[in-house]
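Report on one structure; see the data block that follows.
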Amino acid sequence: GLADIQVSEKEIEKFYEQNRNSFKRGETVKVSHILVEVEKDAKPAAKLKAREKAADLKRMLSEGKDFVEIANTYSDCSRTKQVGGDLGYIKRGYMPPEFDKVAFALKKSEVSDVIETRFGYHIIKLVDRQPAGFVPLEQVRDFIGKYLQEGLRREKITAHVQELKQRARIEIFLRRKGPAGTGSV
C-alpha cells in the first residue's frame, strides 16, 4: 500500500551524490555574546553609559570571571541571556556585519573587545568553528529518505488515479437550450 513505501540506503546515497551541491554549506561559527542594549534613538549620554557598562563587563572577563555567568547576569539579549549568551552556530549575514567581521575572525575560546552594532554593544566569545564544506550524509539521511518516500508516494497516487480513470466509464451530458429557452435537451 501507500503507507509502506521503502527507500533503500543505495537510493539515498545516490540522491546525495547527484545533489551534492544542494548540501553545500558556508563556514559557520558557534558563538556566545553579551549584549548591552542601546535604544535606537538613544541620547549620547545613554550611549556612553551603555559603552561604559560593556567595558566594565569586558574588564570582569579579562580578570577571569566566567563568560556564562556574566551573560546570565548582565546581558540584555532576552533570547540568549538564560543560556549564557549562546547564539548557536551562525552563518555570515545572520548578525550585523560588524558582529560577523569580529566573530569570524576570533580564535576558539577567544573573547572579543567591545563592538558596536545597531543593537548596542556586544562582547563575543568564539566557542567553535565549522569550515565550509558539505553537510555529511549522516546529518541529511533521514531528510533525503523522507523526501524520496514522498516522491514515490506521489508517483503511486498519480498512477492509481490514472488507472481509476481508465477503468471508469465517464459519460458527459451536455444540456442544449431548446427553442425560446425551454431547456429541452
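What follows draws every value from the coordinates through simple rules; no lab data is involved. Since this is a predicted model, take the numbers as computed values, not measurements. So basically every Cβ, Gly included, is an ideal-geometry build from the backbone, and we count neighbours across all protein chains shown.
Of note:
- Dividing the convex hull volume of the alpha-carbon atoms in the chain by its residue count gives 274 Å³ per residue.
- Charged side chains reduced to their Cβ positions (Lys and Arg at +1, Asp and Glu at -1) give the chain a dipole of some 980 debye around its Cα centre.
- Sequence-distant residues sharing a close amide H with Glu27 (under 5 Å, placed H): Ala132
- Relative packing of peptides 130-141, 43-54 - highest average C-beta neighbours within 10 Å first: 43-54, 130-141
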